[in-house]
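Derivation of every value follows stated rules applied to the coordinates shown; laboratory data play no part. This is a predicted model, so every value here is computed, not measured. Ideal geometry is used to build each Cβ from the backbone, glycine not excepted, and the neighbour counts take in all protein chains shown.
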Amino acid sequence: MLVVDDNRVIRQLIRVNLELEGFEVVTAADGVECLEVVHEVAPDVVTLDVMMPRLDGLRTAAVLRADPRTRDLPLAIISAGPQAESGARHTSVADAYLAKPFEPAELVRLVRRLARVDRRTGIGGAARYAPGARG
């Protein structure tokens, strides 16, 4: 699991809630840092804030989608703003959208849904996205 948000408090909030549910979590402060670590970490899911310095979440998602190694990586936009205004635009580059503030249980459900095992191949988790992995 890779959590990308420029707000340290939000990163920690997401991290703690997911670690309490058994997820292994790595964090990044912006899109540039995300792109630097995503291939090393080989996460099951990436959560992205939209408004971040250097490289925002939507542009980061577009770069991840353009890379054959990460194009199928589940992406969730977690951002302030009502779903009606921005959710449809965000889910055009991501698999899911969660508005801030969110309930921790909502976050956990979303990440679990995105991280589930591919029933066609039986492959799940980081193995789907690790360099050289098949799936």
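Laid out as a table, the results:
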{"quantity": "Efficiency of FRET from Cβ geometry, residue 103 and residue 40, R₀ 30 Å, rounded to 0.05", "calculated": "0.45"}
{"quantity": "Relative contact order (%) - region 1-51, alpha-carbon pairs under 8 angstrom, separation at least six", "calculated": "53 percent"}
{"quantity": "Per-selection Rg to Rh, region 1-84 - Cα, Kirkwood hydrodynamic radius", "calculated": "0.94"}
